[in-house]
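Where a number appears in this text, it was derived from the coordinates with a stated rule and is not lab data. What you see is a predicted model, and the numbers here were worked out from it, not measured in a lab. Backbone-built Cβ (ideal geometry, glycine too); neighbour counts: all protein chains shown.
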Amino acid sequence: MRALAQLISLVALSIGAAHGQERTLIVAPHKAPVTGAYPGLCLLVGEGPGAPWRPLPGGIEGFAYEWGFRYTLAVAEERIEGTGGTTLRLVREVERRDERSGYAFEIPLTAARVVPAPQGTFYICGEKQFAFAEGVDGVAFARALGAGARLNCRLTFPAEAAAPLLLLEWQPVGAAPPAAAPGGSGVITSDAPPLIREGRTLVPLRAIFEWLGADVDYDSTTRRIEATKGAHVVRLQLDSARAYVDGASVALEAPATSISGRAYVPLRFVSEALGAEVDWDADSRTVTVQDGGRTGTLSVP
């Protein structure tokens, strides 16, 4: 009987080791290039609210991906027998959300990653087809690729699901950013100052998010706010103390609120939503936002 119990215990341990620890991954609605002898595309994943996307070259066993959808997956890491390596296996699909409407993303392209296709279109690494949006010079694009340039490209999904992606704009890597790029260091332009309410610092959402490079939309009927920056999507509703960052629920220190017609959120939420570093200096009564090499300030009157 003791031998049988030991055998059952060993089998249970081996099964647990084989299946690994279950964890949650968020998968972006678009893929990213990977380098190597045969350039291709890989999944982009994150492991928490506001976490930066990282490439996942190995993919996820059992997962069927479709461009334009944001997935929340439960996965497990398993050992590959005889290799010493590991692989990710899909345990279950928690959520699949259509993000194609209004979603745009950036991707670097080179001649090695672009394949000509019929009717003036191209394929990214032979996988995803794209065409040129109105006003985009396709001839100049092809010429730049042919000259060996590496191009930063911004694409979006078309209105028709079966149509190719649309290339909105492109520029050589290292070129000056377009006029619509986020603001530089200095005072953040805002017609609404930070406020102190019940000991908490509240900041105007639109001014700071747009300075960080996000697009902000407000629906006055539902009182819902949506901000997008690259692959990140932030959703919240006025008078609610809960927001959603890349599909994950985030509790706010205080509800998002409208003051004098402007949406305000707690200061800390800025870092939770878009990864910027924020700070409040009580002596100077100034909010400081750092994003990469840029620093912006907003002062409380």
- Put a dot 7 Å past each Cα toward the Cβ at GLN237 and VAL187; how far apart are the dots in nm? 3.8
- Which cross-chain or sequence-distant (5 or more) residues have an amide H under 5 Å from the amide H of VAL91, H modelled 1.01 Å from N in plane? ALA74, VAL75, ALA76
- Message: Apply the a/c threshold of 1.5 to the C-alpha gyration tensor of the range 104-172 and tell me whether it is rounded, prolate or oblate.
- Response: prolate
- Task: Could you calculate the FRET efficiency of ALA142 with GLU226 from 1/(1 + (r/R0)^6), where r is the beta carbon distance between them and R0 is 30 Å, rounded to 0.05?
- Result: 0.30
- Task: Quick one: what are the phi-derived ³J(HN,Hα) couplings along the range 69-76, Karplus 6.51/-1.76/1.60 with θ = phi - 60°, whole Hz, x for glycine and proline?
- Result: 10, 9, 10, 10, 10, 9, 10, 9
- What's the local net charge at CYS153, with K and R +1, D and E -1, over the other residues with C-beta under 14 Å away? +2
- Message: Please rank LYS31, LYS128, fewest neighbouring Cβ atoms within 10 Å first, as an exposure proxy.
- Response: LYS128, LYS31
- Message: If the only charges are +1 at each Lys and Arg Cβ and -1 at each Asp and Glu Cβ, what is the size of the charge dipole of the range 104-172 around the Cα centre, to the nearest 20 debye?
- Response: 260
